[in-house]
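> Once you've had a glance at the structure underneath, I'll fire off some questions.
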Amino acid sequence: MNNSFIPPRSTNIIVLVAALVIVIAGINLAQSVVVLFLFSFFIALLGTTPVLWLKRKRIPSAVAVLIVMLGMVILLIIIGAQIGASLRGFSEELPLLQISIREQIVKFSAILTSKGFAVNEKFFLEYVNPEAIMKLTAGLLSGFSSMLSDLLLILLTVAFILLEVSSFPKKLRIILGDPEQAFPKFIKFVVDIKRYMVIKTIINLAAGILIAAWMYILDVQFPILWGFLAFLLHYIPSIGSIIAAVPAALLALVQLGMGSALLVVAGNILVGFIIGNVIEPRLMGRKLGLSTLVVFLSLIFWGSLLGLMGAILCIPLTMALKFASESNESTKWIAVLLGTEKFDEVAPAKKEKKNKPE
């Protein structure tokens, strides 16, 4: 007599949800470690292409990694020095900027009141609170700079990842016991992720340079800092360019007046529009396979879980979740929910399969 007990489907779902909650709570508690690893993985992903190119030129693996790491160190030192100097200047000016912003708000509310609008400065200071926006910007950039203080650990992690990148498929074949295994889906996924991150980084770098140049032309203080902020926030889909415009526009309003502030906003939105609607679709080729709603929700989820790094990597992380869901029949429904596939495209294939003679 078989006394084995098979739990109902509802029980399995409850256990799965409970396990998911525990995993999310664990990631949140270990946020600093997870963010450090993700940043290292992100840098390694960008360094994979030059390492593999050098290896194709018959340069030994260790030498290729050493060359790429040396280039990264030089680049990070140059960028870090420029950003650090601008960030220090911005932090020193922040108290004066907050006072100036408060004065501008009082003047603006007085103008609105004289025009017949029942608005006082309390509304702007407590609800809109532009002072808090500037403070949040400083905290955001300081947090990113503090993460770079673990530069030695990050670079060591990147170096070890790059050293293992070529041998990983061989190790995976040994684990699975099939030396001829090709992993086409996994290779396609890795190639798509790497392609997305490399192209996105190059595009964001161009956007950051354009924004910094525009700030310099408008004579806004700390143009390098605003260009770097634009570079970071353009990783955030749809709204990144708008968020990047806010603190720079507030500074331009205090420093140069309303006209310059509007030009700052217009420049950021124009660059974001051209990149998001013209350049990215052409360079990225096919779509990412994620619905618009999923992209927005993933931004909220990963951003709240992992902070700025989660918001930056929300697309790759969600693509990884979709790929993992596709690899198992019991979780394929998650991949369908995350994707953009239409049911009317799937139905004909099923019908054709059903009518196929045995």
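Readers should treat all values here as calculations from the given coordinates under stated rules, not as data from a laboratory. On a predicted model such as this, the values are computed, not experimentally measured, just so you know. Because the Cβ atoms are built from the backbone with ideal geometry, glycine has one as well, and the counts that use them run over all protein chains shown.
> Could you check the simple spin-label distance between Val191 and Ile99, using points 7 Å along Cα→Cβ, in nm with one decimal?
6.0
> Mind sorting Ser86, Ser114 by how few other Cβ atoms lie within 10 Å of their own Cβ, fewest first?
Working: Ser86 20, Ser114 8.
Fewest-to-most ranking of Ser86, Ser114: Ser114, Ser86.
> Under 16 Å from a point placed 7 Å out from the Cα of Leu270 along the Cα-to-Cβ direction: which residues of segment 237-260 have their backbone N that close?
242, 245, 249, 259-260
> Provide the FRET efficiency to the nearest 0.05 for the Val295-Ala324 pair, computing r from the beta carbons and using R0 = 22 Å. List each step's numbers first, then the result.
Working: r = 18 Å, r/R0 = 0.81.
That gives a FRET efficiency of 0.80.
> Sticking with this one: Suppose the chain between Leu262 and Ala30 were pulled fully straight at 0.36 nm per residue; how much longer would it get relative to their current alpha carbon spacing?
Details: separation 232, 0.36 × 232 = 83.52 nm, distance 4.10 nm.
79.4 nm is the gain from fully extending Leu262 to Ala30.
> How charged is the neighbourhood of Thr48? Take every other residue with its Cβ under 12 Å from the Cβ of Thr48, and add Lys/Arg as +1 and Asp/Glu as -1.
Details: positive: Lys55, Lys194, Arg195; negative: Glu164.
Every neighbour counted, the sum reads +2.
> For Leu290, list long-range residues whose amide hydrogen, built 1.01 Å from N in the peptide plane, is under 5 Å from its own amide hydrogen.
none
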